[in-house]
Amino acid sequence: MVLLLFVAAGTTGFLVSPVSAENPLITIAADGDGSYYLGEEAVFSGVNTGTDTIYLFITGPNLPENGGKLTSPSEKSVGGDAGSFTAVKTKPDTTWTYPWYTSGLRLDAGTYTVYAVSQPKAKDQLAGVPYGTIGIIIKKPFITAAISPTNVEKGQPFAVTGIAEGLPPLVQVWIFGDNSVYPATIPVNSDANFTFNADAALSGTLPAGQNYLIVQHPMADNRFDFTATGDYVRNLKQDNGTDLYRVTGPGSLQGSGAALALAAAISDQEAHDTTLTNDTYTIIPFRVTDAGSPSIPTATAAMSVSVQGTTPRHAPLQYAVPLGAGILGFLGIVLWKRH
């Protein structure tokens with residue numbers, strides 16, 4: 001007799017089952033807590049005492065009813081067609097391991113079931129076939145950021161720190177001010193944290209007054225939908241590439257106009273996204289003062305913005321908002337974000 005631990009739909013228990021050629025042992029487990037941001041890697045492993053290959057497929061929201069291939073979830077798994085499953089060789093000690101890279105997969109946020117089967121059989125053909133299952137959760141990636149100090153003095157360094165869940169390789173930083181735009185890409189660490197250190201030279205080029213920081217997350221496909229190309233902000237997904245508006249040179253948008261135009265473009269595209277591949281962002285207004293000028297107190301507010309439906313538009317956003325006249329600008333952003 002072998003004591004078998006099984007996990008199904010969040011329930012854990014024990015099953016006593018004989019292991020033989022007629023009744024092989026099939027198990028599947030997932031690393032961590034079984035909850036992953038789209039873009040992260042999940043590692044499945046288990047035991048297969050019956051065959052030299054384990055066949056994997058997945059079921060869940062908006063996937064084929066009887067399962068889809070792990071590497072291409074919308075591709076229907078068909079019984080008898082080994083190529084429509086994710087096949088993993090069993091090791092001589094009867095164990096198997098498969099690292100599942102979720103980056104670039106078209107999956108909604110939600111709960112899924114991964115099947116490990118001893119034969120290439122889909123969900124509707126499992127009667128009498130040894131198999132195991134495990135439930136996992138796919139979560140929407142999100143981004144947060146903060147700027148320190150919240151009031152930047154020209155010629156003095158400052159830092160932008162944050163978290164990009166889903167572990168994209170890079171995030172994109174934009175700084176908008178009057179007659180000024182600065183884009184840069186920043187690497188994300190393995191713990192999802194990132195840091196952008198702005199040196200004194202960069203700080204010295206920023207215009208005094210209200211500036212805007214946008215940090216852009218490429219989401220599950222790890223590709224930025226919006227980039228700076230020449231004098232323009234360009235949407236790479238619209239009609240295979242479209243210049244949206246000018247940010248440098250004659251007729252360009254300035255400061256808040258340029259920042260809010262980018263935020264609106266990202267939001268509008270993200271609101272129609274069902275695959276978690278359209279970019280998301282966070283925005284932070286901040287103030288730049290001339291060297292030696294008195295600083296203006298700031299108030300910090302956090303808010304969560306969502307739209308109707310099953311997919312939230314944004315994770316909580318952090319704002320550093322100047323008091324006084326700057327509050328009007330903040331209220332304008334809040335009203336716009338809640339359109």
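Right, Ile147: in a strand (DSSP E or B), touching a residue at least 60 places away in the same chain (Cβ under 8 Å) and crowded, with 16+ Cβ neighbours inside 10 Å or not?
yes
When you look at Leu63, is it of a type in the set (A, V, I, L, M), outside the structural domain of Glu270 (by TED's automatic domain parsing) and more than 23 Å from Pro24 (Cα to Cα), yes or no?
yes
Just to be sure, is Gln172 within 18 Å of Gly255 (Cα to Cα) and of a type in the set (S, T, N, Q)?
In short, yes.
Hey, any hits in region 238-258 for a residue that's among the small types (Gly, Ala, Ser), surrounded by fewer than 16 Cβ atoms within 10 Å (Cβ to Cβ) and within 20 Å of the chain's Cα centre (by Cα)?
No, region 238-258 contains no residue that is among the small types (Gly, Ala, Ser), surrounded by fewer than 16 Cβ atoms within 10 Å (Cβ to Cβ) and within 20 Å of the chain's Cα centre (by Cα).
What tally of residues in region 1-55 results from selecting those that are at pLDDT 50 or above, surrounded by fewer than 16 Cβ atoms within 10 Å (Cβ to Cβ) and over 15 Å from Gly132 (Cβ atoms)?
9
Look at Ile163 and say whether it is free of Cβ contacts under 8 Å to residues at least 40 places away in the same chain, surrounded by 21 or more Cβ atoms within 10 Å (Cβ to Cβ) and in a strand (DSSP E or B).
So Ile163 does not fit the description; no.
Which is under 28 Å from the mean Cα position of the chain (by Cα) and in the same structural domain as Leu213 (by TED's automatic domain parsing), of Val152, Val181?
That would be Val181, the only listed residue that is under 28 Å from the mean Cα position of the chain (by Cα) and in the same structural domain as Leu213 (by TED's automatic domain parsing).
For region 107-133, what are the residues that are free of Cβ contacts under 8 Å to residues at least 60 places away in the same chain, in a strand (DSSP E or B) and among the polar types (S, T, N, Q)?
Hit for region 107-133 is Thr111, nothing else.
Scan region 157-172 and tell me whether some residue there is assigned by TED's automatic domain parsing to the domain that holds Tyr55, under 17 Å from Ser35 (Cβ atoms) and not hydrophobic (A, V, I, L, M, F, W, C).
Scanning region 157-172, I find no residue that is assigned by TED's automatic domain parsing to the domain that holds Tyr55, under 17 Å from Ser35 (Cβ atoms) and not hydrophobic (A, V, I, L, M, F, W, C), so the answer is no.
How many residues does region 89-102 hold that are within 27 Å of the chain's Cα centre (by Cα) and either crowded, with 17+ Cβ neighbours inside 10 Å or modelled with pLDDT of 95 or more (or both)?
Summing the residues that are within 27 Å of the chain's Cα centre (by Cα) and either crowded, with 17+ Cβ neighbours inside 10 Å or modelled with pLDDT of 95 or more (or both) in region 89-102 gives 5.
The values are calculated or read from the model by the stated rules, or taken from the named source; none is laboratory data. Just so you know, these numbers come straight off a predicted model, no measurement behind them. Methodologically, a virtual Cβ is constructed for each residue, glycine included, from the backbone with ideal geometry; neighbour enumeration extends over all protein chains shown.
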